[in-house]
1. How many residues does the range 119-142 hold that are assigned to a helix (DSSP H, G or I), open to solvent by 100 Å² or more (accessible area, probe 1.4 Å), in contact (Cβ under 8 Å) with a residue 12 or more places away in the chain and out of contact with any Phe, Trp or Tyr (no Cβ under 9 Å at 6 or more places or on another chain)?
2. Filtering the range 3-28 down to residues that are among the polar types (S, T, N, Q) and assigned to a helix (DSSP H, G or I), which residue is least open to solvent (accessible area, probe 1.4 Å)?
3. Filter the range 58-89 for residues that are surrounded by 11 or more Cβ atoms within 10 Å (Cβ to Cβ) and either touching a Cys at 6+ places or on another chain (Cβ under 6 Å) or among the small types (Gly, Ala, Ser) (or both) and give the result.
Amino acid sequence: MDKLTREAHEHSKILESIVFFEKFLKTITSDDAESYTARLHQFTDEYIVQHFKFEEQEIFPIILQQGSPAERKFIEELQEDHKRILVALAEFKAVISPYDSQPNKEQVKTIIKSSEGLINQILVHARKEDTRLFPVLKKYTI
């Protein structure tokens, strides 16, 4: 699978998962919290962290070397997004780590609030890449 196809495939998986998490947040209860947080951990570890590594190691260097000044600046913006999202992910994990498998209502509210912030950051970033990065990738036939 070429890099552009992999990038597009991973983006569709990420957006599909984000839609699931957004819907799940509207109905989450104490009984659901453990499976929700486990699934979110798995998603972020398997998709977000690994996807960012792929972009940082395989995609971004090409644009940073061959791209126009505006394209290079955009890649630097995406790299900053990655850093912010990874910090938010670590903060999310730190917030929910002390909760047991049956969090109380206040803890569930905290899980929801933390999740919404993280999910929103990922969604905004993914849309930015979909609308602005993919045309650049096609230009360089990555």
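The values are calculated or read from the model by the stated rules, or taken from the named source; none is laboratory data. Remember, predicted model here, so these are calculated numbers, not experimental data. A quick note on method: Cβ atoms are made from the backbone with ideal geometry, for glycine too, and the neighbour counts reach across all protein chains shown. When the accessible area is computed, the model is the full protein with side chains, heavy atoms only, and any ligands, DNA or RNA have been set aside. Shrake-Rupley method; radii C 1.70, N 1.55, O 1.52, S 1.80 Å.
1. 1
2. The selected residue is Ser17.
3. Those that are surrounded by 11 or more Cβ atoms within 10 Å (Cβ to Cβ) and either touching a Cys at 6+ places or on another chain (Cβ under 6 Å) or among the small types (Gly, Ala, Ser) (or both): Gly67, Ser68, Ala88.
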